[in-house]
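What follows is a set of notes on a single structure, which appears directly below.
The values are calculated or read from the model by the stated rules, or taken from the named source; none is laboratory data. For clarity, every value in this text was computed on a predicted model and none was experimentally measured. Here the Cβ positions follow ideal geometry from the backbone for every residue, glycine too, while neighbour counts run over all protein chains shown. Heads up: the accessible areas ignore ligands, DNA and RNA and are worked out on the full protein's heavy atoms, side chains in. Shrake-Rupley method; radii C 1.70, N 1.55, O 1.52, S 1.80 Å.
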Amino acid sequence: MIVDTKNEIGQRRLEHAVAGLGIIETGLPNGSRISKRTGITSGRSCRSIDSKSLGTDGTRKVGRVTLKKCEAKEFRLANRIKQISNCPSNVAATSGSESTSKRTLLHPMKVDIPAGSITAIVGTSESGKSTLLKFMAGCADDNLDCDGFVNLPGTRSYLPHDTNLHRFYNPRTYIKHYDRLLSSSFSGKTVSSSHPALMSDEDIESLLDSLRISHDRRDTLVGDAFRRGLTLGEKRRLELGLMVLSAPDTLFCENPVQGLDSETSLHIMEFLKGYSSKSSRRVIVTLNRPSNFIWNLIDNVILLSRGRVVFEGARFDMEGFFAHHGMPTPKRFSPIEHYLAVVNNFRRPTIAVNWEADFKKWQEDFNEDDGDDLGIDLETCFPSSIPHVNIPLRLVQDAFGGETSACSKISCCLRIQQFCELARRYLLQMLLNPGILQIRLGMYTFLSLFLGALFFNLQKDFEDIQSVNSHAALLFYSSSFYIFMVCSTIPFIAIDLQIRNKEVLNGFYHPCIHHLAVALSTIPSCLILSLVISVIQVNMVGLQNGLQFFVILTLALWCADALAILVSLCAPHFVIGIVVYAGICGLFMALEGFMLVPSKFPVWLRWTYPAPFHTYVFRSLMFNEFSGDTSGSEVLQLYEIEDTAVSHDMVVLLCYSLSIHLLCVLKIGFGRTRRITKRMTSS
């Protein structure tokens, strides 16, 4: 008896503490929940809910997602070989399409997404949470064959699981940068406004307050491998705040609290709660195993098991559903842990099918309302712990020229503003990110000084074979290794491309504008590096015509930067990109005419001599050094480059760079991010 009294006292203390946070336990008795029809609570007083929290018209609009099929295409090479080996000689082999099997990831389903609420897609690993979220957002993977319909009115934003931020901004400057970038994609607060209004300092501070980023951390850089900055939780909250600057009507978040502590996770979910309660916005998240505090902030739930919907609807209805089937939540047990354990018994392979059938029957028998009254039926009453998220309202215009509000097409002026802002960002990255310029500058300076000391005052007796070989080797090194060193930028290019994909996916700008800004912003770094190399080597070694040496090397480095960007666009991972770039450079080095003169190439390989841009760099540097002297002309004849026109080769190098950038634009135009963005825009 004494034990029971202590337990009751402890239970009341826990309920009092939870009530102080403004949340209510899941699985309360029927007498303590809010009635669907009357909206009256018993056992607890709730703060009144105004019409603004329910939507612009006082009701919560319901979005509907209908999925007919979702299958993953898998090419099974072993099955194809087996089919061919077992095929009789007089019978034709099966078509290649039969060797491509399909695995069902999600079964047919129909779910409702209420406005003004947080909808959580929960389930165990490989239950289909991320696949369903991406299907709703319109950014499903290319290997998926999906068929269905998504009716979620308004604009959308998708926040991927990985945190991708530029490391050289602090929270205040990052929000200002995104605000300027978004102002170039929106027409402003009124249709007649020609210059969109930017966020004030008070708006920025208010947003940072709602993100729970403390004042002493607002001037701290995001940080990277070279410098310590914000914590992972602060980065995640900052990235979330950047995504809501465009005030999307539907915000998709892929597991926003994974890997974070309970306090930070609660802050993120409270921010999302405050954002969704404003007007008729929807927040759709995927969660693995949320804590009880987070669970009580969720309004709507889609519970998946092995690709099947075993429950979808209001969170407070889950307990009634499982209790009806003899599986109520045990006392002092986490509700979500209980629900996941019940519907995912690995010893019963058909348990998901059984629960799916039970849920459909339960809907027919007990779900009397065709509409959704979630705006009235709330257990979370928006307490003071939920931040007020105030985003300046903009008239949204799609960055690809589509109309999403009262706007038509983005003017040329706005595209120029986008380009200038992106170019400004990349220039800052070049100056503040050590991996882009500073490390390369230090390495190039060291190598140039070392070569200058090694070949100091190299004699210009071109009748001496040793002197000729030394000059040719130095110029070959300059035309090859400095270009090869550009591979050190590929990891940072890959990070920038991930950020670009996220921003393009959310319609911030056209990807070609980003590429143009990056392509032109790499020119200053090429000029700086070429100037350092030229000043050191020309003066210490005594090379001819230093200005022409500088121009040739600048064009060579710009070609190398363009090639590194193209490889990064094509490679699935930066490590593969480095290997591919190194292989291309190794191939080009062998074909540029230093190791073997063109006439000694095999007949079937002679067409490869003019293919590498290294060829034009090497022979231009050689002609610049050996021309104007009788013995030097003999050296040029020996390398079969006596007819070289340096100005012509410079133009070729310039056109070579432009051609690589054109290939990048084509890759972007037909790439996965562009296709996904079109699907999101059209849906």
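Yes/no per residue for (1) among the small types (Gly, Ala, Ser); (2) open to solvent by 40 Å² or more (accessible area, probe 1.4 Å); (3) under 20 Å from LEU428 (Cβ atoms):
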position	(1), (2), (3)
ILE513	no, no, yes
SER525	yes, no, yes
SER534	yes, no, no
LEU543	no, no, no
PHE549	no, no, no
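Would the stretch 653-666 turn up any residue that is over 15 Å from ILE565 (Cα atoms), aliphatic (A, V, I, L, M) and modelled with pLDDT of 90 or more?
Residues of the stretch 653-666 that are over 15 Å from ILE565 (Cα atoms), as a first pass: 653-655.
Next cut, aliphatic (A, V, I, L, M) only: 653-654.
Adding the requirement that they be modelled with pLDDT of 90 or more leaves 653-654.
So far as the stretch 653-666 goes, yes, one or more of its residues are over 15 Å from ILE565 (Cα atoms), aliphatic (A, V, I, L, M) and modelled with pLDDT of 90 or more.
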Looking at ARG308, is it at pLDDT 85 or above and farther than 17 Å from LEU340 by Cα? no
Subset of the stretch 160-176, residues open to solvent by 20 Å² or more (accessible area, probe 1.4 Å), in contact (Cβ under 8 Å) with a residue 40 or more places away in the chain and either part of a helix (DSSP H, G or I) or of a type in the set (Val, Ile, Thr) (or both), comes to THR163, ARG172
Does the stretch 114-128 hold any residues that are under 26 Å from ALA341 (Cβ atoms) and in a strand (DSSP E or B), and which are they? SER117, ILE118, THR119, ALA120, ILE121, VAL122
Within the stretch 316-339, track down each residue that is open to solvent by 60 Å² or more (accessible area, probe 1.4 Å) and aromatic (Phe, Trp, Tyr). PHE333
Search result, residues across the stretch 207-233 that are within 21 Å of PRO290 (Cβ to Cβ) and either of a type in the set (Ser, Thr, Tyr) or open to solvent by 20 Å² or more (accessible area, probe 1.4 Å) (or both): SER210, ARG212, THR231, LEU232
What are the pairs, 6+ residues apart or on separate chains, where a residue within the stretch 477-496 that is on the phi > 0 side of the Ramachandran plot and surrounded by 22 or more Cβ atoms within 10 Å (Cβ to Cβ) has its Cβ under 6 Å from a residue that is of a type in the set (S, T, N, Q) and in a helix (DSSP H, G or I)? none
Meets criteria (part of a helix (DSSP H, G or I) and open to solvent by less than 20 Å² (accessible area, probe 1.4 Å)) for SER620: yes
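Looking only at the stretch 94-111, decide whether some residue is part of a loop (DSSP other than H, G, I, E, B) and modelled with pLDDT under 50. Even if it seems obvious, please write down each step before you answer.
Step one: of the stretch 94-111, the residues part of a loop (DSSP other than H, G, I, E, B) are 94-95, 107-108.
Now restrict to residues that are modelled with pLDDT under 50: 94-95.
Scanning the stretch 94-111 turns up at least one residue that is part of a loop (DSSP other than H, G, I, E, B) and modelled with pLDDT under 50.
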Here are the criteria: (1) crowded, with 20+ Cβ neighbours inside 10 Å; (2) at negative phi. Tell me which single one LYS102 does not satisfy. (1)
Exactly one condition in (1) surrounded by fewer than 20 Cβ atoms within 10 Å (Cβ to Cβ); (2) modelled with pLDDT of 90 or more is false for ASP145; which is it? (2)
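What tally of residues in the stretch 440-463 results from selecting those that are polar (S, T, N, Q) and in a helix (DSSP H, G or I)?
So the first thing to find is which residues in the stretch 440-463 are polar (S, T, N, Q), and the list is 445, 448, 457, 459.
Among the residues that remain, those that are also in a helix (DSSP H, G or I) are: 445, 448.
Within the stretch 440-463, residues that are polar (S, T, N, Q) and in a helix (DSSP H, G or I) number 2.
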Take residues that are of a type outside the set (A, V, I, L, M, F, W, C) and tell me which of the helices (runs of 4 or more DSSP H) falling wholly in the stretch 257-344 contain 2 or more. 262-276, 317-324, 335-343
Among residues of the stretch 638-650, those that are surrounded by 13 or more Cβ atoms within 10 Å (Cβ to Cβ) and free of Cβ contacts under 8 Å to residues at least 24 places away in the same chain, counted: 1
Condition met for GLU625 (over 50 Å from the mean Cα position of the chain (by Cα), touching a residue at least 24 places away in the same chain (Cβ under 8 Å) and surrounded by 12 or more Cβ atoms within 10 Å (Cβ to Cβ)): no
For the stretch 464-567, which helices (runs of 4 or more DSSP H) that fit wholly inside it have 2 or more residues that are acidic (Asp, Glu)? 490-505
